[in-house]
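All remarks here apply to the structure that follows.
The values are calculated or read from the model by the stated rules, or taken from the named source; none is laboratory data. If you're wondering where the values come from, they're calculated on a predicted model, not measured in any experiment. Cβ coordinates were reconstructed from backbone atoms using ideal geometry, including for glycine residues, and neighbour counts include every protein chain displayed.
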Amino acid sequence: MQMQSFGAACTVTGSMHLLTLGTKRLLVDCGMFQGGDEMERRNHEDFPFDPNDLDAVILTHAHLDHVGRLPLLVRRGYRGAIHCTAPTAALAETVLIDSARLQVDGYRQDLRHARRQGRPDEETLPPLYEEADVHRTLALLRPHLEFGQTENIAGIKVTPQRAGHILGSAYLVIESPEGRLLMSGDLGNRESGLQMDFTPPPEVDAVVIETTYANRTHRRWDETLTEFRDALRESVRNNGKILIPSFAIERAQVILHTLKQLMDAGEVPRIPVFLDSPMATRATNEYFEFGDELIPPVREALQNGEDPFRPSTLHVVPTSAESQRLNRYDGPAIIMAGNGMMTGGRIQHHLKHHLWKPSTSLIIVSYQSPSSLGGKIVAGADTVRLMGEDIAVRAQVHTIGGFSAHADQDDLLAFLSTAGAGKSPHVWLVHGEVGVMDAFIPVLAQQGLKGDIVPDRQPIDLLGPGFPGGRPPGLVISEMPATGTSDAARAEGGE
Ligand SMILES: [Zn+2]
């Protein structure tokens, strides 16, 4: 039972794990590296295997860092099936088309800049793929996986189970000739505003588990709601615009559902809400479509013929011309726009028009990487560079923790507690910063579990002894705090 990871090994993005089970080769996820030029350059490397040799591809969920290199895999020769749940297939379409468009637009822009600077065209990296590649990829999707139903995939029994992370997200229980393996994908926060809890896993011999927040405890959901409500109330009193930068999948729907609940309960005044993100609008339609897998209040609303993602004052903003017109809209209003870290997208022109006004509120509901525009604002920058201008930061900035869609340390340990009933599975750590994973190893040891950090690209025997101290040879461990509470929900990689 061998695994080789070509992404999300010693890092958070780019999930791609090649399993060799007997004579079969299964690829679990095929995600994109994200977070800066150096990391994103890795997307352009050759696949370290021949795409034609794969027996199947299985997806855990539709975030870009789990599906973003699929069209490249198809471009480089993969013609087999890509197995996933129905919601994952629906969301993957939205995510991949958006990704192709962004890449093509970005390439054209980079090329123009390079030419003006007199640099040769070859220095500009071309897009990884275009929309035509995405359509070829979508044609290979087999959206037949259902939670709890065992499927025979290339002769291997695979059972997807609810992971509770985003719509359609699954972890996989895989029966190999040598033993039973669990691939976690991304696991959900058990205090989510939309997702049901993950299904407790069965006994397995080895677990490959995500560790995004393995060193943290999230703020409680009730505290998060109070914080969000108070920030909204204070902002309404200021009579200005309330900007909420939102990732398009999961976070936007959680915020819409929460706004609807707060307004319906009279906890927050019914001011206009503008959803200014075509991608979030499309994703919200999928949440509506597949809402019966979400928490009971959402299901009940759907059964009563209501839309749980539609506050009564919601306006959807389809075109960028209408988005621009919002700049002249008078009076208080909530504007939700992407992208979540404010590094691009429609949120930028809203920031340019409103960030300098003390009456504006910027409510941050997701993780901001320190190098992003949002990160600079959170760090207290006086001015920021936006669309070629220096803009003063005079808005009230509220940072709300607790909206994370990822499991925290308590969630991960609860998950592992049933996987280990009777015997202790070997725990392999992926999808985390090295320091975070290293700090998690002794925590696992206290539970009687052997934890090992999965090395980048190096083949490992999932039933083997692992590494001394859980550290692959040559690994450099960075300093990381071992405990703490996340101040802002971390970016769900892929958004
Ligand atoms: Zn994810």
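For the range 119-226, list the strands (runs of 3 or more DSSP E) that sit wholly inside it and hold at least 1 residues that are within 16 Å of the ligand (Cβ to nearest atom); which are they?
Where strands (runs of 3 or more DSSP E) fall fully within the range 119-226 and carry at least 1 residues being within 16 Å of the ligand (Cβ to nearest atom), they are 156-162, 170-176, 179-183, 206-210.
Conditions (1) modelled with pLDDT of 95 or more; (2) under 22 Å from Arg237 (Cβ atoms); (3) in a helix (DSSP H, G or I), marked per residue:
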site	(1), (2), (3)
Ala301	no, no, yes
Arg310	yes, no, no
Met336	yes, yes, no
Thr343	no, no, no
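Just one of the numbered conditions (1) crowded, with 17+ Cβ neighbours inside 10 Å; (2) in contact (Cβ under 8 Å) with a residue 60 or more places away in the chain; (3) part of a helix (DSSP H, G or I) is not true of Leu275; which one?
(3)
Output the number of the condition that Ser99 fails; it satisfies all remaining conditions of (1) within 16 Å of the ligand (Cβ to nearest atom); (2) assigned to a loop (DSSP other than H, G, I, E, B); (3) more than 27 Å from Asp292 (Cβ to Cβ).
(2)
Name every residue in the range 312-333 that is out of contact with any Pro (no Cβ under 7 Å at 6 or more places or on another chain) and outside any loop (DSSP other than H, G, I, E, B), in order of residue number. Walk me through it before giving the result.
Step one: list which residues in the range 312-333 are out of contact with any Pro (no Cβ under 7 Å at 6 or more places or on another chain), which gives 312, 314, 316-317, 319-332.
Result: Leu314, Val316, Ser320, Ala321, Glu322, Ser323, Gln324, Arg325, Leu326, Asn327, Arg328.
Using the structure shown, decide if Ala154 is surrounded by 14 or more Cβ atoms within 10 Å (Cβ to Cβ), touching an Asp or Glu at 6+ places or on another chain (Cβ under 7 Å), hydrophobic (A, V, I, L, M, F, W, C) and on the phi > 0 side of the Ramachandran plot.
yes
Could you please give the count of residues in the range 23-69 that are surrounded by fewer than 16 Cβ atoms within 10 Å (Cβ to Cβ) and in contact (Cβ under 8 Å) with a residue 60 or more places away in the chain?
4
Filtering the range 447-463 down to residues that are under 15 Å from Met183 (Cβ atoms) and assigned to a loop (DSSP other than H, G, I, E, B), which residue is nearest to the chain's Cα centre (by Cα)?
Top of the filtered list is Val454.
Would you be able to tell me the number of residues in the range 23-62 that are in a loop (DSSP other than H, G, I, E, B), within 16 Å of the ligand (Cβ to nearest atom) and at pLDDT 95 or above? Break it down into steps so the answer makes sense when it comes.
Let us first name the residues in the range 23-62 that are in a loop (DSSP other than H, G, I, E, B), namely 23, 29-36, 45-50, 54-55, 59-62.
Adding the requirement that they be within 16 Å of the ligand (Cβ to nearest atom) leaves 29-35, 59-62.
Going one step further and asking which of them are at pLDDT 95 or above, we end up with 29-32, 59-62.
Adding up the residues that qualify gives 8.
So that you can scan it fast, the table gives a plain yes or no per residue for (1) modelled with pLDDT of 90 or more; (2) crowded, with 24+ Cβ neighbours inside 10 Å:
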site	(1), (2)
Ser369	no, no
Glu389	yes, no
Thr399	yes, no
Leu412	yes, yes
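If only one of Leu444, Leu429 is aliphatic (A, V, I, L, M), under 28 Å from Ala170 (Cβ atoms) and either outside the structural domain of Glu191 (by TED's automatic domain parsing) or not in a helix (DSSP H, G or I) (or both), which one is it?
After applying the criteria, what remains is Leu429.
Among residues belonging to the range 1-22 that are outside any strand (DSSP E or B) and of a type in the set (Val, Ile, Thr), point out the one that is surrounded by the most Cβ atoms within 10 Å (Cβ to Cβ). Reasoning before the result, please.
So in the range 1-22, the residues outside any strand (DSSP E or B) come out as 1, 6-16, 22.
Next, only the ones that are of a type in the set (Val, Ile, Thr) stay: 11-13.
Numbers: Thr11: 22, Val12: 26, Thr13: 24.
Looking at residues that are outside any strand (DSSP E or B) and of a type in the set (Val, Ile, Thr), I get Val12.
Looking at the range 1-36 only, could you name the residues that are over 19 Å from the mean Cα position of the chain (by Cα) and of a type in the set (D, E, K, R)?
Lys24, Arg25
For Val158, state whether it is in contact with a Leu (Cβ under 6 Å, 6 or more places away or on another chain) and more than 17 Å from Ser15 (Cα to Cα).
Details: in contact with a Leu (Cβ under 6 Å, 6 or more places away or on another chain): yes; more than 17 Å from Ser15 (Cα to Cα): yes.
Spelling it out, Val158 is indeed in contact with a Leu (Cβ under 6 Å, 6 or more places away or on another chain) and more than 17 Å from Ser15 (Cα to Cα).
Among the residues of the range 184-197, write down those that are hydrophobic (A, V, I, L, M, F, W, C) and surrounded by fewer than 24 Cβ atoms within 10 Å (Cβ to Cβ). Working first, answer last.
The first filter runs over the range 184-197 and keeps only residues hydrophobic (A, V, I, L, M, F, W, C), leaving 187, 194, 196.
Within the range 184-197, just Met196 meets the criteria.
Can you go through Ala280, Ala301, Ala333 and tell me which one is assigned by TED's automatic domain parsing to the domain that holds Glu234 and more than 26 Å from Tyr367 (Cα to Cα)?
Only one candidate passes the filter, namely Ala301.
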